[in-house]
1. Does residue 135 qualify as being under 17 Å from the mean Cα position of the chain (by Cα), under 30 Å from residue 252 (Cα atoms), in a strand (DSSP E or B) and not hydrophobic (A, V, I, L, M, F, W, C)?
2. Restricting to region 237-247, count the residues that are of a type in the set (Phe, Trp, Tyr) and either surrounded by 19 or more Cβ atoms within 10 Å (Cβ to Cβ) or without any contact (Cβ under 8 Å) to a residue 40 or more places away in the chain (or both).
3. For region 8-24, which residues satisfy the criterion of being surrounded by fewer than 18 Cβ atoms within 10 Å (Cβ to Cβ), more than 12 Å from residue 137 (Cβ to Cβ) and either in contact with a Ser or Thr (Cβ under 6 Å, 6 or more places away or on another chain) or at pLDDT below 90 (or both)?
4. Of the conditions (1) in a helix (DSSP H, G or I); (2) hydroxyl-bearing (Ser, Thr, Tyr); (3) at pLDDT 95 or above, residue 93 satisfies every one except a single condition; which number is it?
5. Taking only pairs six or more apart or across chains, which ones have beta-carbon atoms under 7 Å, a first residue in region 175-186 that is in the same structural domain as residue 163 (by TED's automatic domain parsing) and closer than 22 Å to residue 239 by Cα, and a second residue that is of a type in the set (A, V, I, L, M, F, W, C) and in a loop (DSSP other than H, G, I, E, B)?
6. Return the total of residues in region 189-236 being of a type in the set (S, T, N, Q) and surrounded by fewer than 17 Cβ atoms within 10 Å (Cβ to Cβ).
7. Taking region 69-106, which residues are surrounded by 20 or more Cβ atoms within 10 Å (Cβ to Cβ), over 22 Å from residue 9 (Cα atoms) and not aliphatic (A, V, I, L, M)?
Amino acid sequence: MPRKDLKNKPLVEALLELRWVLPGSSSPGLIEDPNYRILLGRFFERVKDDYPAHESLPTAGVPDSMVGHIAQHRFRTKVNGWPLVQLGPGLLTVNDTASYTWDDFQARCESVVARFVESHPAIADLRLDSLALRYIDAVAFDASKEDVFKFLRDKMKTNVALPTNLFDGPDVTPAPSTFTWQAVFPNRKPEGTVVLRFATGIRESQPVLLWETLVSSQSGQTPKIPEGFPQWLREAHDITDDWFFKLIEGELERRFSGE
């Protein structure tokens with residue numbers, strides 16, 4: 001069960017991504033989704049009550065065979081609004097940001113995947129390539145003024161360190177100006193991997209530390225959709241939710257709670 005809804009969410013984006021296998025084209029290097037154009041029309045008919053604002057992305061003008069697993073169309077709850085759904089050859093996503101709550105996002109993901117299955121003209125032949133639940137969060141952090149190693153240790157209980165004698169000379173500063181760290185962990189429930197990634201970056205013109213929590217299942221690990229999807233989604237979220245609150249426990253949780 002999700003622990004609580006934070007008043008000051010650090011969430012940048014919550015994302016469900018479903019990819020399916022695309023057959024090769026007769027032209028080298030190209031892939032095709034022979035059902036995509038039919039799927040696109042049928043899918044919009046089924047989601048337009050909830051996502052009426054259709055937006056063609058720049059990739060919609062590119063031949064489908066050149067944009068495999070890239071979104072071409074976006075369906076929003078209102079013009080420029082969130083949450084939204086994206087569709088492209090071999091790709092379906094559900095995205096949310098500041099308005100996110102788990103109960104709402106869960107219901108939207110289950111509904112969108114069910115409507116996708118209803119819309120696909122050859123669903124019996126569809127093979128999932130991957131299924132992923134991703135959360136990207138950010139906290140104010142200026143690497144020009146703070147040490148990211150100390151911040152991670154003190155605020156997020158994460159120890160990343162280099163030998164101190166690397167910096168015995170006068171020429172190299174021990175606090176990095178940019179930082180990226182990633183680890184991938186095998187997982188049994190749901191079957192797949194869990195990825196944790198930290199990186200310095202910019203959000204809304206302000207320096208931040210970004211962290212990403214990703215649970216993904218690859219081909220051969222993915223559930224049958226739509227019937228196996230709700231359980232997969234719950235299990236994936238159990239991990240992301242648990243890791244999130246364990247990482248922010250203490251000062252950051254109080255900050256994000258508005259205390």
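The values are calculated or read from the model by the stated rules, or taken from the named source; none is laboratory data. Predicted model only: the values in this text are computed from it and were never measured. Counting neighbours? That spans all protein chains shown, and the Cβs are built from the backbone with ideal geometry, glycine included.
1. On the way: under 17 Å from the mean Cα position of the chain (by Cα): yes; under 30 Å from residue 252 (Cα atoms): yes; in a strand (DSSP E or B): yes; not hydrophobic (A, V, I, L, M, F, W, C): yes.
When the stated conditions are applied, residue 135 passes them.
2. So in region 237-247, the residues of a type in the set (Phe, Trp, Tyr) come out as 243-245.
Adding the requirement that they be either surrounded by 19 or more Cβ atoms within 10 Å (Cβ to Cβ) or without any contact (Cβ under 8 Å) to a residue 40 or more places away in the chain (or both) leaves 244.
So the count comes out to 1.
3. 23, 24
4. For residue 93, the exception is condition (1).
5. That search, which allows pairs on different chains as well, returns 181/160.
6. Applying the first criterion (of a type in the set (S, T, N, Q)) to region 189-236 yields 193, 200, 205-206, 213, 216-219, 221-222, 231.
Still in the list and also surrounded by fewer than 17 Cβ atoms within 10 Å (Cβ to Cβ): 193, 205-206, 218-219, 221, 231.
Total satisfying the criteria: 7.
7. Scanning region 69-106 gives 72, 75, 86, 88, 89, 90.
To keep it simple, each residue is scored yes or no on (1) at pLDDT 95 or above; (2) part of a loop (DSSP other than H, G, I, E, B); (3) under 16 Å from the mean Cα position of the chain (by Cα).
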| site | (1), (2), (3) |
| --- | --- |
| 41 | yes, no, no |
| 44 | yes, no, no |
| 79 | yes, yes, no |
| 82 | yes, yes, yes |
| 85 | yes, no, yes |
| 105 | yes, no, yes |
